[in-house]
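Presented below is the structure to which this report refers.
The values are calculated or read from the model by the stated rules, or taken from the named source; none is laboratory data. A quick note: this is a predicted structure, and the numbers were derived from the prediction, not measured. When we count neighbours, we look across all protein chains shown, and the Cβ atoms used for this are built from the backbone with ideal geometry, even at glycine.
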Amino acid sequence: MRLLERIEQSGCKSVSVVGLAKNAGKTVAVNTIIRQCVEAGVTLGLSSLGYDGEKIDVLSRLAKPRIFVPEGTILATAADTLPRAAAGLEILATTNYITALGEVMLVRARESGHVEVAGPDSLAEMRHCIAAMQGLGCRLVLVDGALDRIGSAAPTITDGTVLATGAVAGGNMRRILIRSMHVKAILSLPGVSDPALRATAGAACQAGQLLVVDSAGVRQLPLISAIGHAAAVISHLSPAEPFSLVVPGAITDSLLGELLYHPRLVKQIRLVSPDPTHVFVGPEIWQKFLHFGGRVEVLKPITILAVTVNPTAPAGKSYAPREFALELARALAPLPVYDLFLGETAVPL
Amino acid sequence: MSDAGLMLGIEYFLACLAPTSPYGQAQAKGLRPFKPGQEGDLKEELASLEQAISLLATHLSEIIKIRHYLAQLPDWREPLHEVTAGGVLSDVELFSLKQNLYFFARIKELQATLAPRLPVKYEPADFHTLLALLDPDNSGSPSFYLSDSYSLRLAEYRDKIRAQQRAANRQSEIQKERAAKLVGLSFNPAGEIAAPRHDRSLQNRIEGTNLFIQSRETYTERYYQLKPTPQEITLAQELDRLLKHEQAEEERVRHKLSLSVKVEAERLRQTIASLGRLDLLLSKALLARDWRCVRPELIERDAPAEFVMDKARHPEVEASLRKQGKAFTPVSISLQTGVAVVTGANMGGKTVTLRTVGLLASLVAYGMFVPASFCRTCLFTHITILTGEYSVFVTGLSRFGHEIAALCRALPSAQTRALLLVDELASSTNPAEGSALAQAVAEHLARSASVCLLTTHYDRMAFLKDVAHWQVVGLSNVPSVVLAQALADSPAASQRDLAELMDYTLTPTEPTRHLPREALRVAAHLGLPASILARAAELLHR
């Protein structure tokens, strides 16, 4: 099955593409989806979120990379990128969202050609832009999520996500596999199953409150954040019975690391986070946490549709493409894995 | 103006205005009070405002729509400036111009349905021709595109580019297909074929075709791309040339359009000003309705100065009281040229009276209706309020030092027609000198052409001749039994009772030797220990 077919079959109307590292092959994934949309006659909306370090060249103020878009594509991009487009663009509407490159405009490509895309700066603004592009008739909206903090949260505002990984993700095959499996595991964290807890945790996350929920009821911890206060958080917890700890901010290595000194607590705990992009935990601590019975659930789960792999790292390291893709496909099953340099269909297991 | 504006509540008024368009916001920012001599202009402004307020009652849905359209206007002052200076407009600027023109037309249509119609200075001009120029295909859509219709040459280049792109794509597809068949490999999405590095014979076969060049190499594979054929190179060069022509032609079209816009620049500027005025007028009308305002009566410049208000309210104080569940007691006062002195209990609302007088006089000067049941006033050269609330720590002057410095700046010359409001004049020094100073200042002001309102606790001031005297009724009418009852409650409750028992009404009085003594009672209500109060009473009667 080709990437676009996989997306269409999932029913997702908006898809973000995020990479595990620079040169993981994100742009190739974006270009492939665009090309397949042309072939399938799908009207596409396109934008980008966040900056990949040199997404905007500091000296030239040019947005990177340039993307070839077919006629009819709708873009949400900043005003300053428009004069540099090689395709004729029809300006459809303004958005009032201001970026370093001017106000974000909704435009339609009246000719095919290369364009620069630099979308809005915040998740809320991007959510509105996605809706606006869908309102303009886009059957699929593609969001290019950069590696920075905002860009990597792109999966939380799209229906589905394509993850790009590759040789750049680690120094050797083992590390690449561990890193890719770990990111997949975090991004696929399950939703909160208990509806009552979901409501309580949803309100707490809105209000930025740390909550403990157990059979005795709901308690708010007298702390503003769990970051830097792991020991203080733990002092409020008791291993007598299963309980949930709602953390509206980031869940970090230091919190789980501190918890691991209290295995009896870990056994009883269920951490609740707004979404997987709030979980910043390394693979080692994560595995230990799972091993001792800890659980993390999220209010807004993410749907990973596919993983693309690039067996080559620009620093010179590269792997035999077929074997590399197969290793990752086995590790990440049942997710379909694509090596877009090898072919357009998923790597068969 | 800022400190006084804050104290009076003018800043609050400006914040409540909330015009919706960038043009209205710019006008609100540049709002200047009317000065004596501009009574005619002010009357015209007040008449338009009255008309707008009556339109709120009869044509509310139209007014709401007009406000909605005003809110959609993108700010076009900067591009207008550029185009006047001979600049070339970008696509985004042309697009936002088209949006402006589109909404100008909508607003004009709606204004035509209003009866009575607002004066012409609040209406946009007609930009039918310019709008048609920005919509060459007559699509009626608010989007903007440098369409083929702008120039035959543009259309021609674009056709050629499309044809060229198709030809180039076809060429490369044919070439790829041929090459792939020749070496028995398929191309990846990046347009490469890969050969394992150990497979020398395959590499030789690929290189032998003379169709490929090596593009990159990894530890395991060697990647090749198709060499562009001379034909493809020519096509690409031709395409490049056409794209450059297209861009140049587009720039020519933008230039031409910019010239057409430049011709209309003055009319655009006028319309931007008109709509700024309209936006501000409608904002004032809505606020006047919310604040239950009346049209003030204006005294001509040659008549003696006067300020009269009946049942006036201070909206900022009123709003903050409402939040605490309390109501504002409207104040009435009538002031003529010279000095009026307000005396009465602490917590009796004297400062609020000063602020309300100042606010109403300022609102009139800003061409606004006033929150009162009646108001008659002249225009003042300036309005000053001195309340003793100074940022002592910043400047290093003492409270007294500040007050005197501010008073020096504010003292009007004999002929100026100013409004001067002073709270507790010279109260921050010793009572003997303070009251002497206060009396001297009052006597000086009594001879000026200004209207001055002073509050004081000095007995000496209450006895002054040639000044008007006003007194807060305060607690004087409350039977002592009721007061004692209220005192028995907790301090918080008794403070609340105090506000309920206090009569904030101002009454004109005759000069008197002794002011009513209510400070101790008020202090008791605020929770000062009884022992201290008893000792104070003892000292007072000694």
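Here are some notes:
- Scan of the stretch A:97-111 for residues that are more than 30 Å from B:Ala163 (Cβ to Cβ), more than 9 Å from chain B (Cβ to nearest Cβ) and assigned to a strand (DSSP E or B), ordered by number: A:Tyr97, A:Ile98, A:Thr99, A:Val104
- The set of residues in the stretch B:129-160 that are part of a helix (DSSP H, G or I) and either more than 14 Å from chain A (Cβ to nearest Cβ) or surrounded by fewer than 17 Cβ atoms within 10 Å (Cβ to Cβ) (or both) comprises B:Thr129, B:Leu130, B:Leu131, B:Ala132, B:Leu133, B:Ser149, B:Leu152, B:Arg153, B:Ala155, B:Glu156, B:Asp159, B:Lys160.
- Test result for B:Phe13, in a helix (DSSP H, G or I) and either closer than 26 Å to B:Thr353 by Cα or out of contact with any strand residue (DSSP E or B) (no Cβ under 7 Å at 6 or more places or on another chain) (or both): yes
- The stretch B:171-187 residues that are closer than 14 Å to B:Tyr223 by Cα, paired with ones that are charged (D, E, K, R) and surrounded by 14 or more Cβ atoms within 10 Å (Cβ to Cβ) (beta carbon under 7 Å, 6 or more apart): B:Val183/B:Arg205; B:Phe187/B:Lys176
- Flag if B:Phe34 is of a type in the set (Phe, Trp, Tyr), farther than 13 Å from B:Leu282 by Cβ and touching a Ser or Thr at 6+ places or on another chain (Cβ under 9 Å): no
- Odd one out for B:His382 among (1) in contact with a Cys (Cβ under 7 Å, 6 or more places away or on another chain); (2) without any contact (Cβ under 8 Å) to a residue 60 or more places away in the chain: (1)
- Any hit, the stretch B:77-98, residues being more than 14 Å from chain A (Cβ to nearest Cβ), hydrophobic (A, V, I, L, M, F, W, C) and closer than 19 Å to B:Leu280 by Cα: no
- Annotation: B:Ala163 fulfils all but one of (1) within 60 Å of the chain's Cα centre (by Cα); (2) of a type outside the set (Lys, Arg); (3) at the interface with another protein chain (Cβ under 9 Å from one of its Cβ atoms); the unmet one is (3).
- Selection status of A:Gly119, at pLDDT 90 or above, closer than 28 Å to A:Ser273 by Cα and part of a loop (DSSP other than H, G, I, E, B): yes
- Failed criterion for A:His114 (all others in (1) within 13 Å of another protein chain (Cβ to nearest Cβ); (2) closer than 22 Å to A:Cys37 by Cα; (3) touching a Cys at 6+ places or on another chain (Cβ under 7 Å) hold): (3)
- Of everything listed in (1) over 23 Å from A:Val69 (Cα atoms); (2) modelled with pLDDT of 90 or more, the single unmet condition for A:Ala169 is (2).
- Of the residues B:Leu453, B:Leu407, the single one that is on the phi < 0 side of the Ramachandran plot and modelled with pLDDT under 85 is B:Leu407.
- The stretch B:166-188, residues that are outside any helix (DSSP H, G or I) and within 60 Å of the chain's Cα centre (by Cα): B:Asn188
- Single match in A:Phe280, A:Phe243 (criterion: among the aromatic types (Phe, Trp, Tyr) and within 18 Å of A:Leu197 (Cβ to Cβ)): A:Phe243
- Answer residue from the stretch A:317-344, given it is within 12 Å of chain B (Cβ to nearest Cβ) and touching a residue at least 40 places away in the same chain (Cβ under 8 Å) and is farthest from A:Ser180 (Cα to Cα) among those: A:Glu344
- Residues in the stretch A:55-76 that are modelled with pLDDT under 75 and assigned to a loop (DSSP other than H, G, I, E, B): A:Lys55, A:Asp57, A:Val58, A:Leu59, A:Ser60, A:Arg61, A:Leu62, A:Lys64, A:Pro65.
- Among strands (runs of 3 or more DSSP E) entirely within the stretch B:292-352, having at least 1 residues that are at pLDDT below 95 and crowded, with 18+ Cβ neighbours inside 10 Å singles out B:331-336, B:338-343.
- Hits in the stretch B:516-542 - residues which are among the acidic types (Asp, Glu) and surrounded by 14 or more Cβ atoms within 10 Å (Cβ to Cβ): B:Glu518
- Counting only strands (runs of 3 or more DSSP E) that sit wholly inside the stretch B:189-229, those with at least 2 residues that are out of contact with any Ser or Thr (no Cβ under 9 Å at 6 or more places or on another chain), away from chain A (no Cβ under 14 Å) and not aliphatic (A, V, I, L, M) are B:212-217.
- Candidate set: the stretch A:71-93, residues that are closer than 13 Å to A:Gly113 by Cβ and more than 11 Å from chain B (Cβ to nearest Cβ); chosen: the one surrounded by the fewest Cβ atoms within 10 Å (Cβ to Cβ): A:Gly72
- In the stretch A:303-316, residue nearest to the other protein chains (Cβ to nearest Cβ) [restricted to those that are surrounded by 18 or more Cβ atoms within 10 Å (Cβ to Cβ) and touching a Gly at 6+ places or on another chain (Cβ under 8 Å)]: A:Thr312
- Total residues in the stretch A:194-219, condition surrounded by fewer than 16 Cβ atoms within 10 Å (Cβ to Cβ) and either over 30 Å from the mean Cα position of the chain (by Cα) or closer than 18 Å to A:Val279 by Cα (or both): 7
- Conditions (1) within 14 Å of chain B (Cβ to nearest Cβ); (2) buried (at least 24 other Cβ atoms within 10 Å of the Cβ): number failed by A:Val141: (1)
- Answer from B:Ala28, B:Ala52, B:Ala57, B:Ala105 - the residue that is farther than 26 Å from A:Ala85 by Cβ, more than 14 Å from chain A (Cβ to nearest Cβ), assigned to a helix (DSSP H, G or I) and free of Cβ contacts under 8 Å to residues at least 24 places away in the same chain: B:Ala57
- For the stretch B:168-182, the set of residues classified as within 14 Å of another protein chain (Cβ to nearest Cβ), surrounded by fewer than 16 Cβ atoms within 10 Å (Cβ to Cβ) and of a type outside the set (S, T, N, Q) consists of B:Glu173, B:Ala180, listed by residue number.
- Considering A:Leu260, A:Leu265, A:Leu221, A:Leu245, the condition of being more than 21 Å from A:Arg149 (Cβ to Cβ), free of Cβ contacts under 8 Å to residues at least 24 places away in the same chain and of a type outside the set (Asp, Glu) is satisfied by A:Leu221 alone.
- Within the stretch B:29-85, the set of residues being more than 24 Å from B:Ser96 (Cβ to Cβ) and in contact with a Pro (Cβ under 7 Å, 6 or more places away or on another chain) comprises B:Ser48, B:Gln51.
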